[in-house]
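This report refers to the structure that appears directly beneath it.
The values are calculated or read from the model by the stated rules, or taken from the named source; none is laboratory data. Computed from a predicted model, the values in this text were never measured in an experiment. Cβ placement follows ideal geometry from the backbone for every residue including glycine, while neighbour counts extend to all protein chains displayed.
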Ligand code: FRU
C-alpha cells in the first residue's frame, strides 16, 4: 500500500508506478494546466519512452490521465522522447521526438520530430504527416531531439538539441502549420566545457529590468542545466548571449521545461533527479519525480530568479510554528516539527554575527540529517547530504553574496528538499532518503551566536498522487 512507501512524495508529480524522467509538453489548455512526462510504466528503470500525463486546475492538485503517447510506429519505434506542447485552433498539439535505434549497443540513434493532436486534451492521435521533420540538419547528427515549439507573430518556431563533432547545438526551424518545417540554422553552440550534446533546449523571452552583466559559475553535476541570457534578433535569427549559468545548484535538477500561463508567468518544472542519480525508491516500485512549479523572472543583475509559484501556499494545512528573534548558540532542535511534509521560512540576521557558519538541519534522526548551511566567511550556501540516508551523499555549494538577511524558503517532502535562498537568487534541489525516526528540525550556529529573525513552519497537504 501507499503508506508502506516511506519515500513516496506527498505533493510532487510522480508516475503512479514505474519510471519517470523529463517533464514534457507543459501547457495551460482550456483552463487546465497539463504536465506530461517521460515515462516507462512497466519497470523502475528507463525503457521505451511513453508520455505520462497529469493535469491540474491550480498547479498544486494533480490528477492522473491515461498515457498520452505510446511508442511503436515506424518513426517512434523505440520511444516517444521529450518535447513540448502548443494549442492550435483549439487542439492540444504535442511535438515530440521519435526515437529509433540504429545500433542499440553503441547507442546510435536516428531521431525525428513528430506531432500528435487532441481535441479534448486527453486522447491523442499521431499525425499522418509524421515524421514532420524526417532528418537532421547538416550541422547536426542522429542525436537530434527535444523539440520546443512556440508561436511568434505569424509563425511557429521550433528549436531542437543536437551535436556534431562533440559540439552541442541548438537548431531553429519555422512552420506555418506545425507539419511542414523550414530549417533556419543553428542559433547557439557549446564552447569549452559547456557540453558535447545539448538536450532539452528551451527558448523564451523574459523582460529585463536593466542591462545584463553575466558572470561565470562552476558545474558540479555530470549533467548540467544551464542558461544564457541574451538578445534574439527575430529578423536574422541571431542570438547573442552572455555566459552559461547553472539554474539550480543542487544534486537533482535536470531537463527543465517552461511554459507561459494566462497571467504571463514563465513557469518551470524539472526532473527532480539526474541520469547519475541513485533512486532508492526503486525498491518501492517507482522512480523519479518532478520539481515543484517555479516562476522564472529576470533580475536586475541579469540572472534568472526562480521562486515557488504563489499557488503552492494552498498546500499549507496548518501553521506549526511561528517565532521571531531567537538567538541560536550551538543547537536548537524543534521536536514539534516531525511532519514529513513541511514548508519552512527561516531568516537570519547576517549583520552582527559572531558565528563562523549557521543553518538548518532537516530530517534530524539519531545519526542522519540534511544540512543547509551558510558559510559567512566564504559567502557560500551549502547543501550537505552526506548523512541524508540511503544511497545518497555529496555536498553542493554555491556562492551567495552576503546581504543583511539570509532568507531560506524550504520545501521538504518525504524524499526531497528544495531550497530557495534570498527570493530565488540561489536554488538547490536534492533528493534525500532518510531512514531514521524523524526527530524534527534543528537550527545551529558554529563558533558563536546568530540571530534568527523569523521562523515560520507549515504542515503541508498530501495531494495523494
Ligand atoms: C533528457 C533526455 C532527452 C530525451 C529523454 C529520453 O533527460 O535524454 O534528451 O528526449 O531524456 O527519455
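Just a few scattered comments:
- Residues being under 26 Å from residue 268 (Cβ atoms), within 13 Å of the ligand (Cβ to nearest atom) and more than 23 Å from the chain's Cα centre (by Cα) - total across the range 78-97: 0
- Of all the criteria given as (1) within 16 Å of the ligand (Cβ to nearest atom); (2) at pLDDT 95 or above; (3) closer than 26 Å to residue 431 by Cβ, the one not satisfied by residue 60 is (1).
- Exactly one residue out of 174, 179 is surrounded by 13 or more Cβ atoms within 10 Å (Cβ to Cβ), more than 16 Å from the ligand (Cβ to nearest atom), modelled with pLDDT of 95 or more and not in a loop (DSSP other than H, G, I, E, B), and it is 174.
- The requirement of being at pLDDT below 95 and farther than 24 Å from residue 13 by Cβ is fulfilled nowhere in the range 431-444; no residue meets it.
- Scope the range 339-364; condition farther than 17 Å from residue 408 by Cα and surrounded by fewer than 16 Cβ atoms within 10 Å (Cβ to Cβ); matching residues: 352, 354, 356
- Selection status of residue 275, within 22 Å of residue 53 (Cβ to Cβ) and in contact (Cβ under 8 Å) with a residue 24 or more places away in the chain: no
- Residues of the range 415-426 include at least one that is touching a residue at least 24 places away in the same chain (Cβ under 8 Å), surrounded by fewer than 19 Cβ atoms within 10 Å (Cβ to Cβ) and more than 30 Å from residue 4 (Cβ to Cβ).
- Of the residues screened, residue 114 is not one that is crowded, with 17+ Cβ neighbours inside 10 Å and out of contact with any helix residue (DSSP H, G or I) (no Cβ under 8 Å at 6 or more places or on another chain).
- Residue within the range 403-410 that is more than 24 Å from the chain's Cα centre (by Cα) and touching a residue at least 60 places away in the same chain (Cβ under 8 Å) present: no
- Residue match in the range 9-31 (condition: within 26 Å of residue 225 (Cα to Cα), part of a strand (DSSP E or B), in contact with a strand residue (DSSP E or B) (Cβ under 8 Å, 6 or more places away or on another chain) and more than 16 Å from the ligand (Cβ to nearest atom)): yes
- Total residues in the range 197-221 satisfying the condition of being modelled with pLDDT of 90 or more and within 16 Å of the ligand (Cβ to nearest atom): the figure is 7.
- Checking the stated criteria, residue 287 turns out not to satisfy the condition of being surrounded by fewer than 16 Cβ atoms within 10 Å (Cβ to Cβ) and either in contact with a helix residue (DSSP H, G or I) (Cβ under 7 Å, 6 or more places away or on another chain) or at pLDDT below 95 (or both).
- The set of residues in the range 61-81 being surrounded by 19 or more Cβ atoms within 10 Å (Cβ to Cβ) and closer than 30 Å to residue 461 by Cα consists of 62, 68.
- Qualifying residue in the range 102-113 (condition: under 17 Å from residue 177 (Cα atoms) and at pLDDT 95 or above): yes
- Scan of the range 32-47 for residues that are closer than 18 Å to residue 78 by Cα and either surrounded by fewer than 18 Cβ atoms within 10 Å (Cβ to Cβ) or more than 14 Å from the ligand (Cβ to nearest atom) (or both), ordered by number: 41, 42, 43, 44, 45, 46, 47
- For the range 143-157, the tally of residues that are under 28 Å from residue 195 (Cα atoms) and out of contact with any strand residue (DSSP E or B) (no Cβ under 7 Å at 6 or more places or on another chain) stands at 0.
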